[in-house]
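The values are calculated or read from the model by the stated rules, or taken from the named source; none is laboratory data. Just so we're clear, the structure is a prediction, and the values are computed from it rather than from any experiment. Every residue, glycine among them, receives a Cβ derived from its backbone with ideal geometry; neighbour counts consider all protein chains shown. For the accessible areas, the whole protein counts, side chains as well, though only heavy atoms, and no ligand, DNA or RNA atoms are used. Shrake-Rupley method; radii C 1.70, N 1.55, O 1.52, S 1.80 Å.
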Amino acid sequence: LMYLISGLGVTLGYHRLFTHCSFETSRPMHALLGVMAGTAAEGPLLWWVATHRKHHQHSDCEEDPHSPHAALPTNASWLDRARCFVHAHVGWLLADHGVDVPRYAPELAANPLHRRLSALFPLWVMLGLAAPAALGWLVDGPRGAMLGLLRGGLPRIALLRHVPGGVNSVCHVWGGKP
């Protein structure tokens with residue numbers, strides 16, 4: 001259930017609604033999708049959107065925050081290629097890319113709700129870990145809480161991280177631009 005909630009939050013919220021403005025919805029739905037996406041632990045709303053928009057503007061070029069090709073010379077060794085693959089898969093989440101939020105997401109940065117959702121990102125991550133633990137506690141006490149955390153919390157975040165990571169690494173390494 002938490003995988004579905006987090007995954008839909010990232011896909012519908014961070015990606016389709018906030019990054020690409022693919023649809024319009026109510027203010028409460030903006031808040032709900034922002035919180036749902038935050039439980040995936042992929043980064044604060046403003047940072048995620050600005051990073052993704054920067055990626056689209058500079059796909060597979062030096063300025064692309066999560067391209068496996070960005071700093072890869074044509075005569076790169078196997079080890080260099082593996083390092084870039086890992087960066088594209090998950091390393092970019094841990095690196096500072098100097099993403100300019102006012103440049104890439106000015107309308108979100110100007111919105112008080114979106115700024116608040118982004119600022120409260122650590123709370124959404126904790127909620128994403130606490131909710132399955134609390135449900136487990138209700139069902140089976142302390143043992144259930146631990147199982148909820150270990151099944152619906154940490155592994156869910158790791159598994160959810162590998163889906164877009166696969167797009168960034170696998171598809172960009174073996175894919176091509178038309």
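Given the structure, is Met126 of a type in the set (A, V, I, L, M), part of a helix (DSSP H, G or I) and free of Cβ contacts under 8 Å to residues at least 12 places away in the same chain? Give the derivation first.
Numbers: of a type in the set (A, V, I, L, M): yes; part of a helix (DSSP H, G or I): yes; free of Cβ contacts under 8 Å to residues at least 12 places away in the same chain: yes.
So Met126 passes the test.
When only residues in region 147-164 that are surrounded by 17 or more Cβ atoms within 10 Å (Cβ to Cβ) and either among the polar types (S, T, N, Q) or modelled with pLDDT of 85 or more (or both) count, which is farthest from the chain's Cα centre (by Cα)?
The residue in question is Leu147.
Going by what's in this entry, would Thr11 be described as closer than 30 Å to Leu150 by Cβ, open to solvent by less than 60 Å² (accessible area, probe 1.4 Å) and not basic (Lys, Arg)?
On the way: closer than 30 Å to Leu150 by Cβ: yes; open to solvent by less than 60 Å² (accessible area, probe 1.4 Å): no; not basic (Lys, Arg): yes.
Answer is no for this residue.
Looking for whichever is among the aliphatic types (A, V, I, L, M), outside any loop (DSSP other than H, G, I, E, B) and open to solvent by 90 Å² or more (accessible area, probe 1.4 Å) here; the options are Leu135, Leu108, Leu113. Which one fits? Can you show your working first?
Working: Leu108 fails: open to solvent by 90 Å² or more (accessible area, probe 1.4 Å); Leu113 fails: open to solvent by 90 Å² or more (accessible area, probe 1.4 Å).
It is Leu135.
Among what's in region 63-105 and is under 11 Å from Asn168 (Cα atoms) and open to solvent by 30 Å² or more (accessible area, probe 1.4 Å), pick the residue that is modelled with the lowest pLDDT.
Restricting to residues being under 11 Å from Asn168 (Cα atoms) and open to solvent by 30 Å² or more (accessible area, probe 1.4 Å), the top hit is His69.
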